[in-house]
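Nothing in this text is a laboratory measurement; each read-out follows from the coordinates by a stated rule. Computed from a prediction, not measured in an experiment: that's the story for all the values here. Counting neighbours? That spans all protein chains shown, and the Cβs are built from the backbone with ideal geometry, glycine included.
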Amino acid sequence: MALSIIILAAGQGTRMKSNRPKVLHHLAGKPMLQHVVDTSRVLDPDQIIVVVGHKADLVKEVMSGQALTFIEQNQLLGTGHAVAQCLPILNSGNDVLVLTADVPLVTQTTIGLLLKDSTDVDVNVLSFMPANPFGYGRIVRNSNQTVCAIVEQKDASQFEQAIIESNSGIIFIAGSRVDQLIGLLDNNNAQSEYYLTDVIKHASTMGQRVNATICTDPNEVNGVNNQQQLSEVESHYRKRQVDKLMIEGVKLYDPTRIDIRGELTVGKDVVIDINCIFEGEVSLGDNVHIGANCIIRHTKIESNTNILPMTMIDESIIGHNANIGPFSRLRPGTECSDDIKIGNFVETKKALIGKGSKVSHLSYVGDATIGKNVNIGAGTITCNYDGANKFQTIIEDDVFIGSDTQLVAPVTIGQGATIGAGSTITRNTPEQQLTLSRSKQVSISSWKKPIKAEKG
């Protein structure tokens, strides 16, 4: 049977104490809602409907361009009311899976198990066994252990509050039952809301087939209602990623001191030191070593490359057998070929660095193309900005740039050229020649050091 997925994302999230909608708060570098959308996409549904409410325009803007259908819940009258808003646009006859944007860690595997268990039932809920069920709806079973109701915390009796099995908020409804069960919902409860969970009670009363699939890892279905819970979910996500890395053979000096805010893919024999942050899509090849306290974003690093401590790399590509750092900063658009070196306190930006070239220390290389086997001395600056526009510096193969040199773009340094230390180069230089620009050195014998005036 074809599947429609409804993601509930309308709530304000007042307990977050934030002007930002709860579902747009970031987990591992992207909005919580995006995590749920990504998981939904893997299930290959016919349609994904996102129910928005609080700051709907902002949510739609952030999530635009992803083939999502948005429905606005103008009155926040409960989860059942939210699903009811979707009925007019549901693909006819489709089974419905309801997910919540504030439960971002649920996996494709768990949802797949829920769907598998839903083959011969009318309603199936994903339940779990939390250490503390307070605040969650309880799964009520009859004497035959068949699910007969979900009772919200505020409506639960003392006996029902003692039940551990709880509702995750994730529910499957067979396509043939959707209209009927949603139509039976009412708001006769402590919060005067239309609870989606009441479909369990109605289905049971009518003798329909009701089931609860128990999620074996309660951390997957932890909901987020405040900043503390978001932090806890972040910790669980990080542990999940760390466990995966170590299973894949990565050496982590301290698994508790690594932060992965995106997707980190690794080759063999990768080593990562403490306090490193990986954001977005990062790829590490075989035998890559990452030193302590590095931040790496949206970057591909090829095999046998060593990233020394305190280095920041953003939207860059680094080839094989490279050495980067310590205290280097590679800004977006940096592309390094094989066997290069970028040393301490070097900054690059939109720089193409050829094979075997070295920028060892204390330099800025921006908007530049550097050829093969180039040596750039300490304190070299590509002066790429005239106050209004950016210009290119081209350094051809086998060039030697002396220390404390300024290359005022646009400028080309010819192949095999040498630039004398302390030069300011404003014009293109010829190949295979020494070029330098220095004022005449003079000594003034009559010069006197200034003397500090005595205080009155």
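For the chain, the Kirkwood hydrodynamic radius from C-alpha pairs, put into Stokes-Einstein at 10 °C and a viscosity of 1.306 mPa s, yields a diffusion coefficient of 61 µm² per second. What's the Cα-based Rg to Rh of region 286-369, Rh via Kirkwood? Rounded to two decimals, Rg over Rh is 0.91. Ranked by how many other Cβ atoms sit within 10 Å of their own Cβ, fewest first, the residues SER64, SER328 fall in the order SER64, SER328.
How big is the dipole moment of region 37-112 about its Cα centre under a simple scheme where the beta carbon of each Lys and Arg is +1, that of each Asp and Glu is -1, and everything else is neutral? Debye, nearest 20, please.
Working: 3 positive and 8 negative charges, 19 e Å.
For this selection, approximately 100 debye.
Considering only the Cα atoms of region 40-118, their convex hull presents on average a projected area of 5.9 nm². For the charge dipole of the chain, defined by +1 on Lys and Arg C-beta atoms and -1 on Asp and Glu C-beta atoms about the Cα centroid, which residue among ASN287, GLY13, ILE451 has the Cα displaced farthest towards the positive pole? Highest projection toward the positive end goes to ILE451.
Computed over every Cα-Cα pair of region 154-228 and binned at 5 Å starting from 0, the pair-distance distribution P(r) comes out as 3, 11, 19, 22, 23, 15, 5, 1, 0 percent. Between region 426-441 and region 193-252, the C-alpha centres lie 67 angstrom from each other. For region 3-221, the Stokes-Einstein estimate of translational diffusion at 10 °C and a viscosity of 1.306 mPa s comes to 91 µm²/s, using the Kirkwood hydrodynamic radius over alpha-carbon pairs. Please work out, to two decimal places, the log10 of the ratio I(q)/I(0) at q = 0.15, 0.17, 0.21, 0.30 Å⁻¹ from a Debye calculation in which every Cα of region 1-54 carries one identical scatterer. Debye output, listed in q order: -0.46, -0.57, -0.79, -1.18. Residue-normalised convex hull volume from the C-alpha trace of region 237-435: 85 Å³ per residue. By the count of other C-beta atoms within 10 Å, a proxy for reagent exposure, MET32, MET1, MET16 are ordered fewest to most as MET1, MET16, MET32. If R0 is 41 Å, the Cβ-Cβ spacing of VAL271 and THR109 corresponds to a FRET efficiency of close to 0.90. In this structure, THR14 and ASN188 have a Cβ-Cβ separation that, at R0 = 22 Å, corresponds to a calculated FRET efficiency of about 0.35. Computed from the C-beta positions of ARG427 and LYS390, the FRET efficiency with R₀ = 25 Å rounds to 0.85.
Suppose we flag trypsin sites (Lys or Arg not before Pro) only when DSSP calls them loop and at most 13 other Cβ atoms lie within 10 Å. Which is the longest uninterrupted stretch of the chain? Mind dumping the intermediate values first?
Working: sites that count: LYS17, LYS268, ARG427, ARG438, LYS440, LYS448, LYS452, LYS455.
It works out to 18-267.
Taking region 254-281 and a reference point 7 angstrom along Cα→Cβ of SER231, no backbone N atom is nearer than 11 Å.
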